[in-house]
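> Below: one structure in structure tokens.
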């Protein structure tokens, strides 16, 4: 994937910079997955399907309240799957809107097989978005806490973007001309790269966090 042209294309399509960066991370990390894959709260279709890599013969099930979903279900309630049903679960841009994120993660752990994989993203620097609710903005420590509470192991928490892309994400709607927006995005990404690593580690300020977790093996 050519990131420059992907950025150009998605800027002109009206996609947010945070979403573009998330898609790049999905393309990088969600590769070679197979088995039963649950895409939770993904709307009526695979919003990120062109970026993840699922092996042939796998079964992808979109789970959402949207009537177009494969399975219509509320992620805040018990999922309509047996214990250990899935090999992989995706949960992108949804954990911040649920009142009890630990309970949601515990239910995901239940439906995952031993050694099953969870991938999720949640925003950090982001305007309030009541869809219909908006409860949380998680720090790295907060994410570690809820993952441990839910029983996940071997998790990895990665910031997506830094303060320049995060800050731009809050104001870029003022750029009516998409060419100017594209230039601003390129500048923000450049400034992210040259910002001192020490400060990124000590005081991160990303658009959000991309998380990988795993259920304990038997």
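The values are calculated or read from the model by the stated rules, or taken from the named source; none is laboratory data. Given the structure is predicted, the values throughout are model-derived calculations rather than measurements. Backbone-built Cβ (ideal geometry, glycine too); neighbour counts: all protein chains shown.
> Which pairs turn up if I take residues in region 35-49 that are within 18 Å of residue 15 (Cβ to Cβ) and look for partners that are surrounded by fewer than 17 Cβ atoms within 10 Å (Cβ to Cβ) with beta carbon separation below 6 Å, at least 6 apart in sequence or on another chain?
Close Cβ pairs (under 6 Å, with a partner that is surrounded by fewer than 17 Cβ atoms within 10 Å (Cβ to Cβ)) amount to 43/66; 44/66; 44/68.
> Can you tell me which of (1) closer than 30 Å to residue 37 by Cα; (2) surrounded by 12 or more Cβ atoms within 10 Å (Cβ to Cβ) is the one residue 205 doesn't meet?
(1)
> Are any of the residues in region 22-34 touching a residue at least 60 places away in the same chain (Cβ under 8 Å) and not in a helix (DSSP H, G or I)? Explain how you work it out, then say what you get.
Filtering region 22-34 down to residues touching a residue at least 60 places away in the same chain (Cβ under 8 Å) leaves 22, 25-26, 29-30, 33.
Checking the rest, the ones that are also not in a helix (DSSP H, G or I) come to 30, 33.
There is at least one residue in region 22-34 that is touching a residue at least 60 places away in the same chain (Cβ under 8 Å) and not in a helix (DSSP H, G or I).
> Given 37, 63, 89, 102, which one is touching a helix residue (DSSP H, G or I) at 6+ places or on another chain (Cβ under 9 Å) and assigned to a strand (DSSP E or B)?
When all the criteria are applied, what remains is 89.
Here is a yes/no grid of residues against (1) at pLDDT 95 or above; (2) surrounded by 15 or more Cβ atoms within 10 Å (Cβ to Cβ); (3) closer than 20 Å to residue 10 by Cβ; (4) under 16 Å from the mean Cα position of the chain (by Cα):
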| residue | (1), (2), (3), (4) |
| --- | --- |
| 122 | yes, yes, no, yes |
| 156 | yes, no, no, yes |
| 174 | no, no, yes, no |
| 183 | yes, no, yes, no |
| 192 | yes, yes, yes, no |
| 201 | no, no, no, no |
| 209 | yes, yes, no, yes |
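> Let me ask something else about it. Here is a list: 84, 43, 57, 14. Which entry is within 17 Å of the chain's Cα centre (by Cα) and part of a loop (DSSP other than H, G, I, E, B)?
Only one candidate passes the filter, namely 43.
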